[in-house]
Each structure stands twice: as structure tokens, then as C-alpha cells.
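Contents: one structure, followed by commentary.
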Amino acid sequence: MWVVSDDALLDGLATGDPDATAAFVERFQRRVFGVAIRIVNDPRLAEDVAQETFLRAWQRAEAFDPRRGTVAAWLLTIARNLAIDTVRLRRVVIVDPAEILDRREPTGERGPDDLALLSSETERLHAALGDLPPDQCRALVLAAFFGRTAREISESESIPLGTAKTRIRTAMLRLRAALVDDTEASE
């Protein structure tokens with residue numbers, strides 16, 4: 001029996017050949033699903049990732065460069081990246097930054113002196129954050145509490161990347177100046 005190469009199947013996928021497409025999916029579906037399930041740890045999401053992987057492969061098949069690696073490595077990299085993106089999106093919980101600022105630190109096993117200092121520091125931080133312009137406060141809270149990057153903030157807030165970076169930096173500088181001034185004033 002004659003075996004068709006991965007490159008030939010990818011070429012068939014790129015041209016829309018239904019037989020080559022079916023053979024391509026059949027050849028790689030288990031490996032693609034295996035990568036996806038290991039990362040997303042959810043069979044339904046893994047199926048979605050696998051389906052999206054084959055769609056992307058079809059859309060980008062003509063751009064494949066065999067000098068950069070094998071078809072299998074290229075396809076599994078697409079699956080891996082999509083699976084990681086899926087996990088990231090699943091972890092995102094949209095919460096208004098103002099809601100985070102209203103949350104209080106759990107007391108835990110702290111003594112009265114620790115609690116008094118913590119309460120004082122928390123109040124200073126809340127006051128300093130409250131003095132920031134709302135757009136800067138929101139950008140800083142998204143970056144500091146949610147670990148969002150400037151690019152992610154720019155996309156979620158529909159603002160240019162440079163604006164997101166400026167808001168974060170300006171907010172940090174203003175916050176530091178306010179907290180340092182308060183510390184020096186109390187000494």
C-alpha cells in the first residue's frame with residue numbers, strides 16, 4: 001500500500017481536495033486532540049480546540065514552509081497555542097476593578113498590631129487609588145490585581161497600546177508619589 005506524505009496531504013488541504021482533507025484530519029486527529037486534552041483538561045473544549053486547529057491549518061496551509069519544520073510539528077504547535085489561549089480565556093473573570101478595591105483583606109492569624117497597621121496601609125492605598133483618574137485607576141488595577149498585560153488592557157478597553165502603557169505607568173508614578181508623601185508626612 002502506498003502512503004501519502006504529510007506534505008502532500010497538506011497541499012491537498014490547501015487546494016480544498018476533499019479526499020486529502022479527510023486523510024489529513026484522520027492522520028492527525030488523535031495527536032491534535034491529545035495535545036489539546038492535556039492542556040485544557042476538558043474533553044468538550046479539547047474537541048473545540050482540535051476543530052479550530054484544523055480550520056487554522058486549512059486557512060494557513062499555503063503559508064507552511066517545510067524548511068522550518070515538519071507538518072506534524074507545525075500542526076501540533078497550532079493546537080498547543082490554541083489550547084493555551086483557551087485556558088487563558090477560561091481563567092478570565094470579568095470583575096469591575098472598583099469591586100476589587102472594595103474587598104477587605106481576610107484577617108487570618110494576625111495580631112492586633114498587625115491588623116492595625118494593615119488597616120492603616122489599606123486605607124492609605126484605597127485613598128491614593130481613589131485620587132487617581134478613573135481610567136488610570138482601572139488600568140492599574142487590571143495590571144496589578146488581574147495580572148493583565150498592557151496589550152490585554154488595550155484590547156479589553158478598546159484603547160491604543162501606548163495609551164494603556166501610559167495609563168499604567170502614570171498611575172504607578174502617582175500612586176508611589178502619594179504613598180511616599182504620606183509616609184514622609186507621618187514621620
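With Thr166, Thr183 as the choices, which residue is over 22 Å from Leu89 (Cβ atoms), assigned to a helix (DSSP H, G or I), at pLDDT 85 or above and of a type in the set (Val, Ile, Thr)?
On the way: Thr183 fails: at pLDDT 85 or above.
Exactly one residue qualifies, and that residue is Thr166.
Pick from region 61-84 the residues that are surrounded by fewer than 13 Cβ atoms within 10 Å (Cβ to Cβ) and assigned to a helix (DSSP H, G or I): which of them is nearest to the chain's Cα centre (by Cα)? So, considering only residues that are surrounded by fewer than 13 Cβ atoms within 10 Å (Cβ to Cβ) and assigned to a helix (DSSP H, G or I), the one nearest to the chain's Cα centre (by Cα) is Ala73. Name the single residue, out of those in region 13-30 being within 31 Å of the chain's Cα centre (by Cα) and more than 22 Å from Arg67 (Cα to Cα), that is surrounded by the most Cβ atoms within 10 Å (Cβ to Cβ). The selected residue is Val25. Scanning for something within 30 Å of Arg148 (Cα to Cα) and either of a type in the set (Val, Ile, Thr) or modelled with pLDDT of 90 or more (or both), does region 104-117 turn up at least one residue? Checked against the condition, which is being within 30 Å of Arg148 (Cα to Cα) and either of a type in the set (Val, Ile, Thr) or modelled with pLDDT of 90 or more (or both), region 104-117 yields at least one hit.
Quick one: is Leu10 more than 22 Å from the chain's Cα centre (by Cα), on the phi < 0 side of the Ramachandran plot and assigned to a helix (DSSP H, G or I)? So Leu10 fits the description; yes. Restricted to region 34-60, and to residues there that are within 23 Å of Leu10 (Cβ to Cβ) and among the charged types (D, E, K, R), the residue that is farthest from the chain's Cα centre (by Cα) is Arg60. For region 126-139, the tally of residues that are exposed (fewer than 15 other Cβ atoms within 10 Å of the Cβ) and in a helix (DSSP H, G or I) stands at 5.
Would you check if there is a residue in region 148-160 being of a type in the set (D, E, K, R), surrounded by 15 or more Cβ atoms within 10 Å (Cβ to Cβ) and more than 22 Å from the chain's Cα centre (by Cα)? Checked region 148-160: no residue is of a type in the set (D, E, K, R), surrounded by 15 or more Cβ atoms within 10 Å (Cβ to Cβ) and more than 22 Å from the chain's Cα centre (by Cα). Only residues in region 51-80 that are farther than 23 Å from Ile37 by Cβ and among the acidic types (Asp, Glu) count as the first member; pair them with residues that are modelled with pLDDT under 90 and surrounded by 15 or more Cβ atoms within 10 Å (Cβ to Cβ), Cβ under 6 angstrom, at least 6 apart or cross-chain, and list the lot. Pairs found: Glu62/Ala14.
The values are calculated or read from the model by the stated rules, or taken from the named source; none is laboratory data. On a predicted model such as this, the values are computed, not experimentally measured, just so you know. For neighbour counting, all protein chains shown are included, and Cβ atoms are generated from backbone atoms with ideal geometry for every residue, glycine included.
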